Amino acid sequence: MDRRRFVATTLALAFGCRSRASRDGTTRTTAEDGMTNEQRTALGPLDDVRPRARPAFGGHGFAPMPEPGPSDWLSAHPEPGQTFAEFVASSPNVPDAKRRALTMMPLGDFTDGVIAPELLRDWAGAFFAMPVRLLPSLSVDDAIAAGVRTRTNASTGKRQLRTGDVLMLLRRWLPADAFSLSAFTLEDLYPEESWNFVFGQASLRERVGVFSFARHDPAFFGAPPRAGGEGLQLRRALNVMAHETGHMFGLQHCIYFACLMNGSNHLAETDRRPFHACPVCLHKLARSIGFDVMERYRTIEAVLRRVGFVDEAQWTRARLAELGAAAK
C-alpha cells in the first residue's frame with residue numbers, strides 16, 4: 001500500500017512543554033527556543049527568514065507530538081517524518097506569478113448544511129495567505145457520469161466515491177492560473193477496494209485533492225443530533241481542508257509537534273489535533289508562499305473569531321502578543 005495516501009486531521013489546543021520523549025524513548029530537554037534537538041534539526045536553519053520574523057519559528061506554545069496509542073496513525077503507519085531540508089530537496093510545488101490562486105469546488109449540494117463553501121474559502125485564504133476562488137459546484141451524478149466509480153460500503157451501507165477517479169477529473173479541470181484545485185464533498189470516500197474509507201486524499205505533485213466531510217457528522221453513523229454538533233462538524237471541515245491542501249504544497253505528515261499536518265487514523269485522534277501549523281510546517285509554508293507571518297496570524301485570528309472558535313482564536317491572539325513582544 002502506498003503510504004503517501006494521506007488521511008485528514010483536525011483539531012485540539014496546543015500547550016507549552018519544556019521536554020518530551022524522543023522516538024527512542026529517551027527524554028531530551030529543550031533549550032531557550034523551546035525545542036528539542038530532534039525538533040530543531042527538523043526545523044533547519046532560518047537563513048531564509050527575516051531576522052525580525054524568526055521568533056515565530058520557536059517552539060514555545062506548541063505541544064510535542066504525543067506518543068501514539070495502539071490504534072493511532074503512527075502505530076499503523078510508522079512514518080519517518082519530513083524535515084525542512086527534506087522538504088526543500090523534494091522540489092515541492094511553489095506558487096508563482098501565473099499560478100497564485102487556490103481553487104475549490106463543491107462536489108454535491110451544500111445549500112442546506114452547516115458547512116458553507118464561503119467559510120472554507122475564507123479559512124483557506126487565511127491559513128495559506130493566498131487568494132482563493134470558488135468554482136461552480138459539480139453534482140455527484142455528473143461526477144459519476146464523468147467516470148467516478150462508486151461502491152456501497154459494507155459496514156455503513158452508504159455510497160462511496162473512489163478518490164483516484166475524482167483526482168483524475170480534477171487534474172483535467174485544473175485552471176491554468178490556479179496553484180491547486182480541491183473538491184470537497186458530503187459523500188463518503190475510498191481510495192481502493194482494500195480500504196474501508198479515507199477522509200481525503202491529495203497529490204503531492206499534481207496539485208489536486210479531494211476531501212469528505214461525511215463522517216464528521218454523527219448522523220452519518222445514525223447518532224441523534226447533539227448540542228454543539230454543528231460546531232464540531234465545521235471545526236473538522238476547516239481542519240480537513242487545510243490539512244489536505246497542505247499536502248498539495250508538498251508537506252508530508254508531521255511527527256515533530258502536535259500539528260495540523262499530523263496524520264489521523266480515526267475521529268478521536270482527529271479531534272485531538274491542533275488548528276495551527278507547527279514551527280517546522282510553518283517554515284515549509286513560509287518558504288513556498290512567502291507570506292508575512294504576523295499578518296497571516298492576524299487574518300487567521302479574525303476568521304477563527306468570526307466562526308466562533310474562541311479557544312483557537314485566543315491561542316492565535318496570544319501567539320501574536322508573544323511575537324510582537326519578541327520583535328521589540
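Every read-out reported here was derived from the displayed coordinates using simple, explicitly stated rules and does not represent laboratory data. Note that this is a predicted model, so its numbers are computed, not measured. Quick reminder, even Gly has a Cβ in these numbers, built from the backbone with ideal geometry, and neighbours come from all protein chains shown.
For segment 220-310, what does the alpha-carbon gyration tensor say about shape, rounded, prolate or oblate, given a ≥ b ≥ c as the root eigenvalues, a/c under 1.5 as rounded, and a/b over b/c as prolate? Verdict is oblate for segment 220-310.
Multiply the residue gap between Glu193 and Arg149 by 0.36 nm, knock off their C-alpha separation, and tell me the result in nm, one decimal place. Before the final figure, lay out the partial values.
Details: separation 44, 0.36 × 44 = 15.84 nm, distance 1.12 nm.
Between Glu193 and Arg149, full extension yields 14.7 nm more.
Remark: relative contact order (segment 22-142) = 20 percent; criterion is Cα-Cα distance under 8 angstrom and separation of 6 or more residues.
With contacts taken as Cα pairs under 8 Å and at least 6 residues apart, the chain reaches a relative contact order of 27 percent. Against the empirical 2.2 N^0.38 Å (N residues), segment 56-103 has a Cα radius of gyration ratio of 1.69.
State the extension gain, in nm to one decimal, for the chain segment bounded by Leu135 and Ala302, taking 0.36 nm per residue of separation less the distance between their alpha-carbons.
Working it through step by step, the gained length comes to 57.7 nm.
Label separation (Ala325 vs Ala219): 4.5 nm, computed from points 7 Å beyond Cα along the C-beta direction.
Normalised size of the chain, defined as Cα radius of gyration per 2.2 N^0.38 Å with N residues, equals 0.96.
Computed 3J(HN,Hα) for segment 86-92, one whole-Hz value per residue from the Karplus formula 6.51 cos²θ - 1.76 cosθ + 1.60 where θ = phi - 60°, is 5, 4, 4, 5, 6, 6, x, glycine and proline marked x. Annotation: amide H of Arg151 within the under-5 Å range of Gln160, sequence separation 5 or more or interchain, hydrogens built in the peptide plane. Note on segment 22-159: percent of Cα-Cα distances in each 5 Å bin, starting at 0 and stopping at the bin with the largest distance, equals 2, 6, 10, 11, 13, 14, 15, 12, 9, 6, 2, 0. Taking a ≥ b ≥ c as the square roots of the eigenvalues of the Cα gyration tensor, an a/c ratio of 1.5 or more together with a/b no larger than b/c marks segment 110-244 as oblate. Here the Karplus relation 6.51 cos²θ - 1.76 cosθ + 1.60, evaluated at θ = phi - 60°, turns the backbone of segment 58-66 into coupling constants of x, x, 5, x, 10, 6, x, 5, x Hz, with x for every Gly and Pro. Summarised as an ellipsoid, segment 143-190 has semi-axes of 24, 11, 7 Å, derived from the eigenvalues of the Cα gyration tensor scaled by 5 and square-rooted, with the largest first. Helix 293-306 and the longest principal axis of the C-alpha atoms of the chain enclose an angle of approximately 50°.
Sort Asp48, Asp72, Asp112 so that the residue with the fewest other Cβ atoms within 10 Å of its own Cβ comes first and the one with the most comes last.
Listing Asp48, Asp72, Asp112 from fewest to most nearby Cβ atoms yields Asp112, Asp48, Asp72.
Its alpha carbons considered, segment 108-184 gives a radius of gyration followed by a Dmax of 14.3, 41 Å.
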